[in-house]
1. Using beta carbons and a limit of 7 Å, which pairs, at least six apart or on different chains, have the first residue in region 70-87 and more than 21 Å from G100 (Cβ to Cβ) and the second one part of a loop (DSSP other than H, G, I, E, B) and basic (K, R)?
2. Quickly run through region 31-63 and pick out the residues that are polar (S, T, N, Q) and either touching a strand residue (DSSP E or B) at 6+ places or on another chain (Cβ under 6 Å) or under 13 Å from E132 (Cβ atoms) (or both).
3. Tell me which strands (runs of 3 or more DSSP E) are completely within region 1-118 and hold 3 or more residues being hydrophobic (A, V, I, L, M, F, W, C) and open to solvent by less than 60 Å² (accessible area, probe 1.4 Å), or say none if there are none.
4. So how many residues does region 103-144 have that are more than 17 Å from H28 (Cβ to Cβ), in contact with a Leu (Cβ under 8 Å, 6 or more places away or on another chain) and basic (K, R)?
5. Return the residues of region 119-144 that are over 18 Å from the mean Cα position of the chain (by Cα), assigned to a strand (DSSP E or B) and of a type outside the set (D, E, K, R); say none if nothing qualifies.
6. Would you be able to say whether some residue in region 114-136 is touching a Lys or Arg at 6+ places or on another chain (Cβ under 7 Å) and closer than 18 Å to A19 by Cα?
7. Of the conditions (1) farther than 20 Å from E21 by Cα; (2) out of contact with any helix residue (DSSP H, G or I) (no Cβ under 7 Å at 6 or more places or on another chain); (3) crowded, with 20+ Cβ neighbours inside 10 Å, F142 clears all except one; give me its number.
Amino acid sequence: MTPIIRQYVKQDLADLMSAWENASALAHPFLTAEFQDKVRQDIPSLYLPNADTWVAEVNGVVVGFVALLGNNVGALFVEPPFHRKGVGKALMDKAQAIHGDLEVEVFKANSLGRAFYSRYGFELLAETVHQETGNQVLQLKFSA
């Protein structure tokens, strides 16, 4: 199964939000409902208008997305049934083709995300504290 990677359009919002909701629930069980509610509101109103967003489509349905702020991966979420099936890699390959070197912040407690980025070849730059949640965050870099 090879997903189609294409630019996000407004009609993708419901599928994109579903991918975020389902993948975030799996990857971020440590985040508060209040913080998740804020992110849920900010995605369509704040993040998407300011990001270069690409979606992965399988059989006409958006199953994942990557949102880029320059060479920074602001978000990468894939519907859980499509994890470890090449969808996330295809999205990162697109990001890497556009920008070369990439950076991303991932919660230290997000073992799924950390494993993915490690497999892709990201390396640790720094460890900081996420101001809004107080959780540890790892800053990672991929060098093309």
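The values are calculated or read from the model by the stated rules, or taken from the named source; none is laboratory data. Keep in mind that what you see is a predicted model, and the values were worked out from it rather than measured. Methodologically, a virtual Cβ is constructed for each residue, glycine included, from the backbone with ideal geometry; neighbour enumeration extends over all protein chains shown. What goes into the accessible areas is simple: the full protein's heavy atoms, side chains included, and nothing from ligands, DNA or RNA. Shrake-Rupley method; radii C 1.70, N 1.55, O 1.52, S 1.80 Å.
1. Here the result reads none, with nothing in region 70-87 linked to a residue that is part of a loop (DSSP other than H, G, I, E, B) and basic (K, R).
2. Selection gives T32, Q36, T53.
3. It comes to 52-58, 61-69, 72-78, 102-107.
4. Of the residues in region 103-144, 1 are more than 17 Å from H28 (Cβ to Cβ), in contact with a Leu (Cβ under 8 Å, 6 or more places away or on another chain) and basic (K, R).
5. L125, A126, T128, V129
6. No, that holds for no residue.
7. Going through the list (1) farther than 20 Å from E21 by Cα; (2) out of contact with any helix residue (DSSP H, G or I) (no Cβ under 7 Å at 6 or more places or on another chain); (3) crowded, with 20+ Cβ neighbours inside 10 Å, F142 breaks only (2).
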